[in-house]
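Colleague: Below is the structure I would like to discuss, written out as structure tokens.
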Amino acid sequence: MRVIAIDPGYDRIGVAVLDGNGALVTRVYSTCIETNQHDVIYQRIFKAAQQVGEVIDRYHPEALAIEELYFSRNVSTALKVSEAKGVMVFQALNRGIPVIEYTPNQVKVATTGYGRATKAEVHKMVSILVHLKERNKKIKDDEIDALAVGITHLASCKHQN
């Protein structure tokens, strides 16, 4: 199965395409889309959504996995991220690709086996599972988070079969 996974945002958006077959997970593509802070919010979201659409068209995923939003303080940021998430979801649904949401707790359990894992623990396990140490560049947290969401989806599919 091939999945595109998104760590939603409007400033930085993590995007990962993963293939999974049983216990084997392969990173096909991943990146962190960064928007121009000088653009208005709608232009930033539009450009990011276009790039996500291009990734979908290039890699032909069977599903889009996206992290459920969790915000406790900043309502303004939550609204902007929700708007960005909506257009990312639209990109998939407009192409007939199903969308599945995962909670942060589900992502932690799927990647580390522990629902109270720290972000560092999740990142360490993701690096191991998809062999990120082989890459030379510094990987942004958003990209790793997208990889974690993709791993979660593939693990979920494995357990459903």
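Colleague: For a footprinting-style exposure proxy, rank M1, M125 by other Cβ within 10 Å, fewest first.
Modeller: Ascending Cβ contact count within 10 Å gives the list M1, M125.
Colleague: Any lysines with Cα under 22 Å of the K140 Cα? List them, leaving off those in the same chain fewer than 8 positions away.
Modeller: K47, K80, K85, K108, K119, K124
Colleague: So, one more: Can you sort L129, L24, L154 by how many other beta carbons sit within 10 Å, fewest first?
Modeller: Result, fewest neighbours first: L24, L129, L154.
Colleague: How far, in degrees from 0 to 90, does helix 75-93 lean away from the longest principal axis of the Cα atoms of the chain, to the nearest 10?
Modeller: 70
Colleague: Mind sorting E143, E68 by how few other Cβ atoms lie within 10 Å of their own Cβ, fewest first?
Modeller: E68, E143
Colleague: So, one more: Which residues does the label zone of Q37 cover in the stretch 7-26, counting backbone N under 20 Å from a point 7 Å along Cα→Cβ?
Modeller: Backbone N within reach: 8-14.
Colleague: Restricting to DSSP loop positions (anything but H, G, I, E, B) with no more than 10 other Cβ atoms inside 10 Å of their own Cβ, which trypsin sites (Lys or Arg not before Pro) remain in the stretch 24-80?
Modeller: Those satisfying the criteria are R73.
Colleague: Still on this structure: Once the Cα atoms of helix 41-59 and of the chain are each reduced to a long axis, what angle between those two axes, in degrees from 0 to 90 to the nearest 10, is obtained?
Modeller: Its long axis makes an angle of about 40 degrees.
Colleague: Sticking with this one: At 0.36 nm per residue, and after removing the present C-alpha to C-alpha distance, how many nm does the segment from Y29 to E68 gain when stretched out fully?
Modeller: Gain on extension, Y29 to E68, equals 11.9 nm.
Colleague: Continuing with the same structure: Counting only C-alpha contacts under 8 Å and six or more residues apart, can you give the relative contact order of the chain as a whole percent?
Modeller: It rounds to 32 percent for the chain.
Colleague: Using only DSSP helix segments of four residues or longer, with each worth -39500 (n - 2.57), what per-residue ellipticity at 222 nm results for the chain after dividing by its residue count and rounding to 500?
Modeller: -16000 deg cm²/dmol
Colleague: State the antiparallel share, in %, of DSSP beta bridges confined to the chain, rounding to the nearest 5.
Modeller: That works out to approximately 65 percent antiparallel.
Colleague: Rounding to the nearest 10 and keeping the result within 0 to 90°, find how far the Cα-based axis of helix 119-129 lies from the longest principal axis of the chain.
Modeller: The helix 119-129 is inclined about 60 degrees to the chain.
Colleague: If I model a spin label at R58 and T118 as a point 7 Å from the Cα along the Cα→Cβ vector, what separation in nanometres do I get?
Modeller: It works out to 3.4 nm between the two label points.
Colleague: A follow-up question, please. Find out how many positive minus negative residues lie around Q106, taking Lys and Arg as positive, Asp and Glu as negative, among other residues whose Cβ is under 12 Å from that of Q106.
Modeller: Net charge around Q106: -2.
Bear in mind that the values in this text are calculations on the coordinates, not laboratory data. Everything numeric here is computed off the predicted structure, so don't read it as measured data. Every residue, glycine among them, receives a Cβ derived from its backbone with ideal geometry; neighbour counts consider all protein chains shown.
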